[in-house]
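The structure under discussion appears below in the form of structure tokens.
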Amino acid sequence: MNKAITDGLVLMPPPFANGLSVWSSGDGVPGSATYEGAPNAAFVPADQDFGGCLELVKTQATQKLRYMGETPILPGCYLRITARVKAVSGNLPTVRIAGWAGGAGGAPVTGLVTTGPAVPLTAYGQVVTVSAIVGTGQRGGVNLPWTTQVLYGHFGLDLTGPNGGVVRIDDIEIEDITGAFLRTMMDWVDVRDFGAVGDGTTDDRAAFVAADAAAAGRQILVPAGTYRIASSLTLNNPVRFEGSLTMPTAARLVLMQNYNFIDYVDAFGGDEELALRKGLQALFNFSDHDSFDLRGRSVNVSRPIDVQEAVNNRTDFAVRRVLRNGHLNAVAGPDWGTIEVTSQATYAISNPLELTGVANVANIPVGALVLGNGVGREVYVRAKNVAAGTVTLSRPLYGAAGTQVFTFRRFRYLLDFSNFAYIDKFEMQEVEIQCNGLCSAVLLPPDGQTFAFTDCTFNRPKDRAITSHGTACQGMLIDRCQFLSNEQGLNVQDRVSVALNVNMNDVKIRDCRVMRFRHFAVMAGLYHMIANNHIFNGDSQPEGVRVAGIVFTSPTSKSTVTGNYIDNCYLEIGNEHDPEPDFSNEFSFGGLVITGNVFLASGVPSWFRWIVVKPHGPGHFLDGLVVTGNTFQAVSGRVDRAEGVDTSFAPLDMTKARNVTFWGNSFNNVDVRAQNPVSLAFTQNTAATQWTCDFGTVLPFGGRLRAVDALVAEGMITTASGSRITEMPFVEPEQGPAGTQARLSWATAARGRVRLTGRIDATV
């Protein structure tokens with residue numbers, strides 16, 4: 001920057017040859033004495049060193065020479081005043097640059113440094129150059145640091161020391177040297193100034209490191225060009241990319257002050273997919289940022305992102321990390337296709353999480369879904385051992401003992417964590433994964449805990465939204481997310497996609513919206529909380545098939561389902577991940593609280609049920625099941641009842657039910673209003689010693705009347721002749737072919753009306 005060039009400012013004083021009337025012996029202000037006609041000053045036209053110059057005799061203690069023109073002082077502009085002087089005769093004085101500071105209205109600005117460094121003249125005829133820099137900034141090298149109150153200055157020099165000496169002075173120069181201060185005035189350093197070439201071949205890493213060291217908080221400028229960085233690089237100062245970087249896959253770029261997706265896109269020449277991979281690589285490799293912000297951008301992804309491959313230098317991570325605020329959009333590419341392998345293998349109940357003798361085990365991908373006879377839903381390959389010919393399973397198989405041919409189907413995921421060994425506390429916040437029917441969304445690592453998805457949208461996953469093929473689902477948190485199926489136009493029975501599965505404990509699913517998957521969640525493990533979600537899995541078919549929205553595969557899940565809107569699907573409670581599904585001294589179906597939900601169904605057959613228990617082996621019973629405060633409503637038709645048992649594999653043993661609460665629910669267009677305990681009134685019109693009171697189908701789950709807790713006469717019990725009977729009968733429950741009747745035995749033939757409270761369970 002040079003104001004004389006850019007703004008046309010006149011800085012240079014006129015030469016002495018033009019006359020001495022503009023040169024003052026005072027401060028240079030208007031009215032001060034000049035050297036025109038002064039006896040101690042004369043113009044010398046032909047000095048051998050200077051050409052034309054001023055010859056001056058020192059007659060005062062401080063002999064001043066000031067240009068009377070007003071030299072402007074501008075903020076951010078730095079001026080250098082230079083004079084060349086030599087002693088001719090007499091005493092040798094000392095010389096220095098000096099000035100007078102003028103403010104508004106011509107008033108002097110006081111309290112400033114107005115003189116530069118003093119230089120003594122030590123020999124006759126020796127040319128000495130003196131200079132000083134004036135400016136409004138307190139910067140190194142500025143001799144006269146003036147304030148912005150100063151509007152102009154009168155500049156020249158002072159002679160100090162003994163009087164009587166004669167000196168000659170060359171024309172005084174004033175020049176704009178602001179450019180000398182640009183390095184510290186500007187808020188950036190240029191990597192080219194430190195040796196960067198930007199030809200795409202030369203390793204420019206050392207230049208970037210040097211520029212970063214020199215920046216000291218200023219921005220690093222990467223100008224146009226392609227800069228090869230051969231190894232990992234961390235830049236501690238802000239960076240502005242006009243050019244782009246090329247780096248090996250294993251090399252990490254850490255932008256400490258610019259750690260967000262947009263700057264990574266700029267760093268890699270607009271390659272958004274590469275920028276995402278490099279950003280994730282950095283996320284798992286340094287601790288100064290806990291999150292990678294996509295800054296609301298949409299990232300087109302043409303192939304699965306193997307996150308461990310992108311990170312490449314670690315297989316486990318246990319510190320909280322977050323991917324947030326953006327849109328990952330799958331676009332067509334050759335790498336999205338599902339891999340399917342068939343292989344013969346042997347399964348033994350004694351080794352419930354392993355297949356042995358697996359043919360072509362090397363070709364079976366980790367993370368593949370396992371299909372075969374006796375294999376429950378959402379069983380995956382957790383690991384494999386090629387040398388041993390074994391495959392480790394995520395869950396046991398309920399009926400696959402022996403040798404058979406299994407199918408292994410490996411879906412392709414936009415974010416695939418399966419090659420990590422262990423990750424804790426990874427979160428996604430406000431991210432939409434748009435799968436476009438090309439791929440699945442997220443495959444968790446085989447081990448870890450407390451993955452979290454908050455305010456995310458899983459849009460049109462081809463097969464799965466969130467898959468756990470191991471234990472990384474432990475403590476998973478899913479809050480305020482949307483799951484939108486790619487199969488919304490298909491009838492329920494034709495759908496294959498599953499929103500999510502879990503294998504471990506303590507999963508929280510809250511405030512989510514789920515649209516038209518085959519299943520929303522297949523949940524193994526215990527202690528889950530499912531609250532305030534809307535799960536809709538219907539279609540437009542009249543009396544259409546409906547399937548489970550949520551499947552609990554542990555018979556006693558010890559979980560809560562609270563405040564949900566469960567629409568055209570049902571809750572299934574089963575044990576399909578039990579290698580020995582027959583009951584054998586274990587907890588049976590229960591440990592589940594279903595409360596405060598709205599269950600709706602439209603256009604379904606009358607045999608549809610909202611709560612279904614499905615034993616995969618005989619001998620099981622209800623134990624600790626709570627169904628309270630729910631609303632069951634059928635639209636466009638009626639439903640026989642709200643609950644039922646799927647006996648495809650085995651019935652429930654209703655002679656063992658205990659601690660079942662099915663109470664306080666409301667029913668609309670539901671024929672049987674099941675309750676437990678249930679209070680019913682029975683009327684005996686003819687006198688008899690034995691009354692049969694049939695509770696019929698009102699007992700939930702087709703249960704037996706195992707106990708009568710209360711018997712109250714409603715009105716007077718009388719004999720056939722009308723005489724009052726005061727003694728009580730004794731009660732015998734579990735009567736009749738289905739065990740739903742209670743027999744009341746009276747000492748005398750009696751008639752009247754009683755109310756009985758019965759139950760299907762033993763409460764202790």
Original post:
Can we say ASN329 is of a type outside the set (A, V, I, L, M, F, W, C), at positive phi and part of a strand (DSSP E or B)?
Top reply: no
Original post:
Any idea which residue in segment 104-132 is nearest to GLU55 (Cα to Cα), counting only those that are within 60 Å of the chain's Cα centre (by Cα) and surrounded by 12 or more Cβ atoms within 10 Å (Cβ to Cβ)?
Top reply: SER131
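Here's the yes/no breakdown for (1) outside any loop (DSSP other than H, G, I, E, B); (2) not small (Gly, Ala, Ser):
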residue	(1), (2)
THR697	yes, yes
GLY715	no, no
GLU732	yes, yes
THR748	yes, yes
GLY758	yes, no
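If we keep just the residues of segment 342-357 that are in contact (Cβ under 8 Å) with a residue 24 or more places away in the chain and assigned to a loop (DSSP other than H, G, I, E, B), which is nearest to HIS469 (Cα to Cα)? It would help to see each step written out before you state the result.
At the first step, the residues of segment 342-357 found to be in contact (Cβ under 8 Å) with a residue 24 or more places away in the chain are 342-349, 352-357.
Still in the list and also assigned to a loop (DSSP other than H, G, I, E, B): 348-349, 352-353, 357.
Numbers: ALA348: 20, ILE349: 20, PRO352: 15, LEU353: 12, GLY357: 21 Å.
Among them, the one singled out is LEU353.
In segment 682-695, is there at least one residue being small (Gly, Ala, Ser), crowded, with 17+ Cβ neighbours inside 10 Å, touching a residue at least 24 places away in the same chain (Cβ under 8 Å) and in a strand (DSSP E or B)?
Start the filter on segment 682-695 by keeping residues that are small (Gly, Ala, Ser), which leaves 687-688.
The next check asks that each one be crowded, with 17+ Cβ neighbours inside 10 Å; those that pass are 687.
Then drop every residue that is not touching a residue at least 24 places away in the same chain (Cβ under 8 Å), which leaves 687.
From the residues that got through so far, the ones that are in a strand (DSSP E or B) too are 687.
Yes, segment 682-695 has at least one match.
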Subject >> Residue count, segment 1-18 (criterion: modelled with pLDDT under 95 and in a loop (DSSP other than H, G, I, E, B)) >> reply: 8
**OP:** Within segment 663-681, track down each residue that is more than 45 Å from the chain's Cα centre (by Cα), assigned to a strand (DSSP E or B) and under 23 Å from ALA634 (Cβ atoms).
**Re:** ASN676, VAL678
Original post:
Of all residues in segment 215-229, how many are modelled with pLDDT of 90 or more, more than 29 Å from the chain's Cα centre (by Cα) and not in a strand (DSSP E or B)?
Top reply: 3
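Would it be correct to say that ARG205 is among the basic types (Lys, Arg), farther than 23 Å from ASN329 by Cβ and either at pLDDT 95 or above or more than 28 Å from the chain's Cα centre (by Cα) (or both)?
yes
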**OP:** Could you list, in sequence order, all residues of segment 466-510 that are basic (Lys, Arg) and either closer than 18 Å to VAL547 by Cβ or crowded, with 24+ Cβ neighbours inside 10 Å (or both)?
**Re:** ARG495
Original post:
Pairs, please: C-beta under 6 Å, at least 6 apart or cross-chain, first residue outside the structural domain of LEU56 (by TED's automatic domain parsing) and under 13 Å from VAL142 (Cβ atoms) and in segment 68-88, second at pLDDT 95 or above and in a loop (DSSP other than H, G, I, E, B)?
Top reply: none
Original post:
Considering PHE599, PHE632, PHE587, which residue is of a type in the set (Phe, Trp, Tyr) and either in contact with a Cys (Cβ under 7 Å, 6 or more places away or on another chain) or surrounded by fewer than 24 Cβ atoms within 10 Å (Cβ to Cβ) (or both)?
Top reply: PHE587
**OP:** Scan segment 699-713 for residues that are of a type in the set (A, V, I, L, M) and in a loop (DSSP other than H, G, I, E, B) and report the count.
**Re:** 2
Subject >> Identity of the residue in segment 635-662, assigned to a strand (DSSP E or B) and touching a helix residue (DSSP H, G or I) at 6+ places or on another chain (Cβ under 8 Å), that ends up surrounded by the fewest Cβ atoms within 10 Å (Cβ to Cβ) >> reply: GLY644
Subject >> VAL712 vs. criteria farther than 24 Å from ILE573 by Cβ, among the hydrophobic types (A, V, I, L, M, F, W, C) and in contact with a Lys or Arg (Cβ under 6 Å, 6 or more places away or on another chain) >> reply: yes
Original post:
Are there any pairs with C-beta distances below 7 angstrom linking a residue in segment 393-415 that is farther than 12 Å from TYR380 by Cβ to a residue that is among the acidic types (Asp, Glu) and surrounded by fewer than 17 Cβ atoms within 10 Å (Cβ to Cβ), with the two at least 6 apart or on different chains, and if so which?
Top reply: THR407/GLU340; ARG412/ASP335
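The values are calculated or read from the model by the stated rules, or taken from the named source; none is laboratory data. Remember, predicted model here, so these are calculated numbers, not experimental data. Heads up, the Cβs are rebuilt from the backbone with ideal geometry, glycines too, and the neighbour counts pull from every protein chain shown.
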